[in-house]
Amino acid sequence: MGKTSCKITAVLILISMLLFAACSPSDSDPSKGSTEESSATRATKKIEKITPPDKGCEIRFPDRDVYDYTMDLKFDPAGQTIGGHVKFDFFNDSEDVWNELCMRDYPSLFDDMNAYALRVKDSGGITRIENIVDSRTGGVDFERDPGDKSVIWIKLGKALAPGEHTTLTYDFLALIPSNPDRFGLAGGIYNITNFYPILAEYVDGSWSHEPYFNIGECFYSEVANYHVTIEAPEGFVFATTGEEISSVKTGGKETFKFEAPFVRDFVFSASEFFEKKTEDMNGVKVNLFFSKDKPAEPDMTGVTDKCFQVADSSLKAYGEAFGKYPYGELDIILSPLKVSGMEYPNLVLVANEVCHDHVMVFEPFDQLENCLCHEIGHQWFMGIVGSNSGAEPWLDESVTSYTELVYYEYLGGKVFDDHIQGYRTEDRDLKQIDRDKEREDGILEENISPYLDIPYSKFPTDAYYTAYIYDTGKAFCYQMEEACGREEFHGALRAYVQRYAFRNADTGDFLRVLFGCVGQDNEKLNGLVGNMLRTQP
């Protein structure tokens, strides 16, 4: 997800530097060892040697079984609803018996908004979920978690054994808020994201259901194949995850069919006012959508040119560094948004606010460029390699913020010189923090951790989270590149992507691949990682 405003880059650098100098690990947490302990522990563990893939390698879809969602949906813009029938084929991919399932229903978190209450008085805005049927036993009941209305617990009539397959069918109806956000209606554009009940992740013996937050990515799901039919009033244009297979018009309605293989979610944006422009970029169809009724600029030529230039350079830079984009399409939607941008599989949202040539730091449209290259970077780090962004947001947002520097390095010249300021070791030496001395001097606070691999909930404020995860994390990743060397670090990232493509990874997975590729005797890297991460490989 993009930062709250793309115009605060320099401020974020200053804030994150001050925050890093004013925080400390909690002595009560035994998982947070000292830098010296971390380095020593790592040096004594044998890590598998890994040979990195070549630059520009292919990222291939796996041949293993994955989950499968078949959705027959109706989009009703007049009533501001989205709903339909879902057939969910899945299996127990853990080593534990499942007696219950946990699903997430994010639209119900918007139930207090006036738009909901005015339109569906009998539901109070809570998503209607009905007719849940387990193919093995028949109808099953569910209840909402009393502490989080987006968490749904389904009690299975028969336990699901490890490796066992079943099919769950259900109907739902969710309401779309009048809200310029990643889920909502604004300016005639409907952003329909995280809109259907989706299975949560089962990890280490329990279901993961971290609270929703709006400041960054907070969704955590398994890769699945999606087969989606959407009925809508005739005249709407759709931008979606995956690719359009067909459309049929009848009786004032149009029915679209979409296929989206090996993605973590299915989302769409729709509008009667969309203008669509398309360019082919080395086999990837890049589609740009913006409102003809309320465009970001009266003349959109400069905006569209910049969007296609950034998309082309991003796909080339990231394809070389991390492996080629494996999907056939990438959609870019310019829309009213509260934040600068938001990422989803095969689709990114960019705020109209950053699409003006005067919204700049160094040159016209550079904040549009920074935002868009960041959101496209998420196609690798969230889309291809997933992670629990509520529990370890650095693997999502810090690594993706670093992809911005990969993009600018690829462009080179003055544009890279401008954007690298504040992230190099010479600007901000993250491994030279004498915590004991600063604690004695009263600089450090005991109840705040400076480690990056902590949950969103551990950050005292959203401003702290934004500065530390987006900005300090960006510096951390670039300084790992400095410690390893550019080619070696990019090789390790390619190995990470190859190993965990279309799976979920954690910080330990990342470190095992990193040290497996570059070795364990790099003192600069050991000190940097030991100082910034509490996790050990």
Separation of the ASP521 and LYS276 label points, Cα + 7 Å toward Cβ, nm: 5.7
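If you take the square roots of the eigenvalues of the alpha-carbon gyration tensor of segment 199-261 and sort them as a ≥ b ≥ c, do you get rounded (a/c under 1.5), prolate (a/b over b/c) or oblate? Please list the in-between numbers first.
On the way: a/c = 3.39, a/b = 2.31, b/c = 1.47.
Prolate.
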Alpha-carbon centroids, segment 220-240 and segment 394-431: separation in whole Å: 35
Pairwise centroid distance, computed over Cα atoms, of segment 485-508 with segment 277-322, Å: 27
Distance (nanometres) between label positions extended 7 Å along Cα→Cβ at LYS253 and GLU297: 4.1
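If a/c stays under 1.5 just call it rounded; otherwise compare a/b with b/c (prolate if a/b is bigger, oblate if not). Do that for segment 274-386, with a ≥ b ≥ c from the square roots of the Cα gyration tensor eigenvalues.
Values: a/c = 1.66, a/b = 1.50, b/c = 1.10.
Prolate shape, in that a/c is at least 1.5 and a/b is the bigger ratio.
How high is the relative contact order of segment 67-222, in percent, with contacts defined as C-alpha pairs under 8 Å that are six or more residues apart? Before the final figure, lay out each step's value.
Numbers: 322 pairs, mean separation 44.6, N = 156.
Worked out over segment 67-222, it gives 29 percent.
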Highest to lowest packing among 466-475, 274-283, 480-489, scored as the average C-beta count within 10 Å: 466-475, 480-489, 274-283
Label point distance in nm, ARG424-THR137, each placed 7 Å from Cα along Cα→Cβ: 6.2
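Of the listed peptides 255-262, 519-526, what is their order by residue-averaged count of other C-beta atoms within 10 Å, with the highest listed first?
Working: 255-262: 18.8, 519-526: 15.8.
Peptide ranking by packing, descending: 255-262, 519-526.
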Projected area averaged over orientations for the chain, convex hull of C-alpha atoms, nm²: 24.8
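Between GLU95 and ARG128, 0.36 nm times their residue separation minus their Cα-Cα distance comes to what? Before the final figure, lay out the partial values.
On the way: separation 33, 0.36 × 33 = 11.88 nm, distance 3.22 nm.
Fully extending the segment from GLU95 to ARG128 adds 8.7 nm.
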Principal axis dimensions, segment 67-222 - Cα atoms, whole angstrom, descending: 47, 32, 27
Mean Cα-pair separation over length for the chain, i.e. relative contact order, pairs under 8 Å, 6 or more apart, %: 20
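Each reported figure results from applying straightforward, stated rules to the coordinates on display, with no laboratory input. Predicted model, so just to flag it, every value in this text is computed and none were measured. Cβ: placed from backbone, ideal geometry, glycine included. Neighbour counts: every protein chain shown.
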